[in-house]
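This report concerns only the one structure given below.
A short reminder: the numbers here are calculations on the coordinates, not readings from a lab. Treat the numbers as computed from the prediction; the structure is a model and nothing was measured. Cβ coordinates were reconstructed from backbone atoms using ideal geometry, including for glycine residues, and neighbour counts include every protein chain displayed.
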Amino acid sequence: MRLILLGPPGAGKGTQAQRLVAKHGIVQLSTGDMLRAAVAAGTPVGLKAKDIMASGGLVPDEVVVAIVSDRIDQPDAKRGFILDGFPRTVPQAQALDRMLAQKGIKLDAVIDLKVNEEILLGRIATRVAEMQARGQPVRADDRPEVLKQRLDAYRVQTAPLAGYYAKKAVLKSVDGMAPIPQVSAAIDRILAQGTAAKAAPGRKKPNKPSRKPVRRKRAAAKAGKARTGARKAASAKKGSKRGAAKARRKPSKSKPNRRRRLTKAR
Ligand code: AMP
């Protein structure tokens, strides 16, 4: 399974990715985590990314594309992966398309966690305050002013990706403001639909003969029956003993004919 989780910072991509990792035995490829590790290790990539990340901006496309390409080639990503935080720009998405085509990999879904930005900002502020109160370390870029910058970057550079993937008909949207279990259930439903469609690719309905002629014949037979019935009724009403007896004794002539015609048509 190969997925992309889209959504602004704080939308719950990380939470959902971790759950999917445990459920499907795939890996979470978070470019944010990879870059933070590079910064901590002081690698050349980390040195390039450090200040940009601290200000809430985006690291250059070629830097992130290169680290994602290397990561996808690792053995643990062979079973599948969730891209979390990548792609973040249309050029990154285009580079990813080319990269996956070269590696012979196909995406299963792009899931967009839709959120209300104002509520989101409030939520993150509360979470940060709670962490600080517990004495837990808080990410420097979760500070309100940097977070605002990250959300702006998302709106301008990342949000257009929804249109990009919608055009490719792989985009699925989920209400990211719903409680976590509901978001998880919605994602699971999307993935189950994808798996079902994959299990039966291009499945066609069995070839059935056209029902049209049958219907016409049925309608004609019905009309004939109605006419026969009306004639019988009229004859019985007239007091014709012969007609009335005939109507009682003999089944409608049209019935066996109609059956024969329908069998033939099938
Ligand atoms: P995240 O943990 O995904 O919110 O990412 C934290 C920071 O890492 C972002 O604010 C960016 O500075 C940088 N970053 C992560 N992913 C990307 C990406 N795909 N492209 C550019 N910068 C990124």
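Within the shell defined by Cβ-Cβ distances under 13 Å, the residues around ILE82 carry a net charge of +2, with Lys and Arg each +1 and Asp and Glu each -1.
Note on ILE119, ILE105, ILE72: ascending count of other Cβ atoms within 10 Å places them as ILE119, ILE105, ILE72, the fewest first. Residues whose amide H comes within less than 5 Å of that of GLY85, counting only those at least five positions distant or on another chain, are LEU5 (H built at 1.01 Å from N in the peptide plane). I'd like the distance between the alpha-carbon centres of region 132-162 and region 60-127, rounded to an integer number of Å. Between the Cα centres of region 132-162 and region 60-127 lies a distance of 17 Å. Sequence-ordered 3J(HN,Hα) estimates for region 151-167 from the Karplus curve with 6.51, -1.76 and 1.60 and θ = phi - 60° stand at 5, 4, 4, 4, 4, 7, 9, 9, 3, x, 5, 4, x, 4, 7, 5, 4 Hz, glycine and proline given as x. Database remark: amide H of LEU107 closer than 5 angstrom to no amide H (H placed geometrically; neighbours at sequence offset of 5 or more, or on other chains; Pro and chain starts carry no H). Close amide-amide hydrogen proximity is noted between VAL27 and GLY80, PHE81, ILE82, each under 5 Å apart and 5 or more residues distant or on a separate chain (H modeled in the peptide plane; Pro and chain starts excluded).
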